[in-house]
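Worksheet: the structure to be examined is printed underneath.
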Amino acid sequence: MTALLPYGDGEPFVATEVRAIERAGWDVTVVPVRAGGEIVHRDAASLETEAAPLVSASIAGRAVSEAARKPRATAAVLAALGRGRNASVLAKNAAVFPKGAWLASLVERTGAVHIHAHWAGTTATMAMAASRLTRVPWSLTAHRWDIAENNLLRVKAREASFFRVISEHGARELEEIVGVRGWSPWVLHMGVELPPTAAPVVRRTPLRVLVAARLVEKKGHAHLIEAVSILRSRGSAIHVDLAGGGPLEAALRRQVSDSGLAGDVEFLGTVSHDALLARVAAGDWDVAALPSVVTASGELEGIPVSLVEAMAHGLPALATATGGIPELFDEGAGLLVPPADPRALADALEQLVRDQDLRARLGAAGRLRIEEQYDVDRVAEQLGARFAETLVRQE
């Protein structure tokens, strides 16, 4: 289960994991909660997919049919969904229940032996509903915002065959929310495909910095743009490429223009996953940066896959000490600065401009960290082992 993959520009990291699970010997069918639109990432286009709209006459008909065939199980599902902590959660779960019933019929028709949901929100709600209606085991992967949303997390923790989180930071937060003594989630990072060699080191001026992230408040682009302005005033130039689109694009473009940085900060727009990685592998950038912040509503990072992928290619990484990033950068694998501090960002970038040996050390340490803990094939093997355990318990 996904939110939208293979459609849209999000979740390319899920496609990477799905392909690795297939290489490990499992047949996988991707089922998005919402279906339709453009397939941006070429590596997602080849995935086996069962797509259906969230709301349609056929989906509603399937829900009615499932309720008629399994009235007691349907009533139990609806009762569980009714425990949502607020009206927003209740409404979201009610909206996906009919498609959960459709998913149950798909599971029975295809003979699926396990249901796995990425995201602990409505994707997990659909998986849980389908599991209750079919008795096929289910599990989920929680990331970051979906933990904070707390959509029936205690219920899902109790019912899922396993509950995976992608960071230790997320695990601690989830344990506090679930609040069941002795219960803990399984921490397994999102993996990336390891390139055979690091990206080539190119001698050039100015230093080229990649920020691969949606243009949203959590990613902190405005602070990096201010840091670039500070560097220019010091006579230390860099060039920053912003890969990604989002609701803050117009405001960030104005900031760049008002600061006179049109030649120093470039907006690349949405770049397909494979095209971006090809440029990273070719050595188009010298540093990967992510100036993330904690928003007023409490939104913050998990472990950003864009940084993991850049580090896998040997790029030195600079980011802020928010969410799960310190876990990723532990033992010198990356350069950490405080969040929402443009001067600290500027100081760190200036250090990277001047110290080529530091860039080399960070690049090597970061690649080693990814090799040891974020290899997607190792991750897929561990996931496959957990899937197999659920089958044994069912026998």
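The values are calculated or read from the model by the stated rules, or taken from the named source; none is laboratory data. As the structure is a prediction and not an experimental result, all values here were calculated from the model. Neighbour counts run over all protein chains shown; Cβ positions are idealised from the backbone, glycine included.
Given the residues Ala251, Ala281, Ala275, which is the only one that is modelled with pLDDT under 95 and out of contact with any helix residue (DSSP H, G or I) (no Cβ under 6 Å at 6 or more places or on another chain)?
Residue meeting the stated conditions: Ala275.
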Checking Ala388 against (1) farther than 30 Å from Ser139 by Cα; (2) not assigned by TED's automatic domain parsing to the domain that holds Gly283, the condition it does not meet: (1)
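Are any of the residues in the range 32-43 assigned to a helix (DSSP H, G or I) and farther than 26 Å from Leu133 by Cα?
First, pick out the residues of the range 32-43 that are assigned to a helix (DSSP H, G or I): 42-43.
Subsequent filtering for residues that are farther than 26 Å from Leu133 by Cα retains 42-43.
Scanning the range 32-43 turns up at least one residue that is assigned to a helix (DSSP H, G or I) and farther than 26 Å from Leu133 by Cα.
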Pick from the range 201-210, criterion assigned to a strand (DSSP E or B) and in contact with a His (Cβ under 8 Å, 6 or more places away or on another chain), ranking: surrounded by the most Cβ atoms within 10 Å (Cβ to Cβ): Val209
Hits in the range 56-70 - residues which are exposed (fewer than 14 other Cβ atoms within 10 Å of the Cβ) and over 20 Å from Gly36 (Cα atoms): Gly61, Val64, Ser65, Ala68, Arg69
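Can Ala213 be described as crowded, with 20+ Cβ neighbours inside 10 Å, touching a Lys or Arg at 6+ places or on another chain (Cβ under 6 Å) and under 26 Å from Val293 (Cβ atoms)?
On the way: crowded, with 20+ Cβ neighbours inside 10 Å: yes; touching a Lys or Arg at 6+ places or on another chain (Cβ under 6 Å): yes; under 26 Å from Val293 (Cβ atoms): yes.
Yes: the conditions hold for Ala213.
For the range 224-321, please list each of the helices (runs of 4 or more DSSP H) lying entirely inside it that holds at least 3 residues being assigned by TED's automatic domain parsing to the domain that holds Gln356 and more than 17 Å from the chain's Cα centre (by Cα).
On the way: elements: 249-258, 273-281, 305-312.
Helices (runs of 4 or more DSSP H) meeting the threshold: 249-258, 273-281.
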Extreme residue, farthest from Ile115 (Cα to Cα), among residues of the range 6-37 that are without any contact (Cβ under 8 Å) to a residue 60 or more places away in the chain and touching a strand residue (DSSP E or B) at 6+ places or on another chain (Cβ under 7 Å): Gly37
Test: residue in the range 180-193 that is at pLDDT 95 or above, among the aliphatic types (A, V, I, L, M), assigned to a helix (DSSP H, G or I) and surrounded by fewer than 18 Cβ atoms within 10 Å (Cβ to Cβ): no
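Given the structure, is Asp377 free of Cβ contacts under 8 Å to residues at least 40 places away in the same chain, at negative phi and of a type in the set (D, E, K, R)? So that I can check it myself, show each step before the final result.
Details: free of Cβ contacts under 8 Å to residues at least 40 places away in the same chain: no; at negative phi: yes; of a type in the set (D, E, K, R): yes.
No, not satisfied.
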Odd one out for Arg203, checked against (1) over 21 Å from Val14 (Cβ atoms); (2) at pLDDT 95 or above: (2)
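Here is a check on your reading of the model: is Gly302 surrounded by fewer than 16 Cβ atoms within 10 Å (Cβ to Cβ) and either farther than 21 Å from His223 by Cβ or in contact (Cβ under 8 Å) with a residue 12 or more places away in the chain (or both)? Spell out the reasoning first.
Numbers: surrounded by fewer than 16 Cβ atoms within 10 Å (Cβ to Cβ): no; either farther than 21 Å from His223 by Cβ or in contact (Cβ under 8 Å) with a residue 12 or more places away in the chain (or both): yes.
Answer is no for this residue.
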Contacts under 6 angstrom Cβ, first residue in the range 326-338 being more than 20 Å from Gln356 (Cβ to Cβ) and of a type outside the set (Asp, Glu), partner at pLDDT 95 or above and assigned to a helix (DSSP H, G or I), 6 or more apart: Pro338/Ala344
Selected residue (only one of Leu174, Leu224, Leu210 is of a type in the set (A, V, I, L, M), in contact with a strand residue (DSSP E or B) (Cβ under 8 Å, 6 or more places away or on another chain) and farther than 30 Å from Pro316 by Cα): Leu174
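Only one of Leu81, Leu47 is over 25 Å from Thr270 (Cβ atoms) and either surrounded by 13 or more Cβ atoms within 10 Å (Cβ to Cβ) or among the acidic types (Asp, Glu) (or both). Can you tell me which?
Details: Leu47 fails: over 25 Å from Thr270 (Cβ atoms).
It is Leu81.
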Matching residues in the range 5-32 - criterion: being surrounded by fewer than 18 Cβ atoms within 10 Å (Cβ to Cβ) and under 14 Å from the mean Cα position of the chain (by Cα): Gly10
Conditions (1) among the small types (Gly, Ala, Ser); (2) in contact with a Phe, Trp or Tyr (Cβ under 8 Å, 6 or more places away or on another chain); (3) modelled with pLDDT under 95: number failed by Ala148: (2)
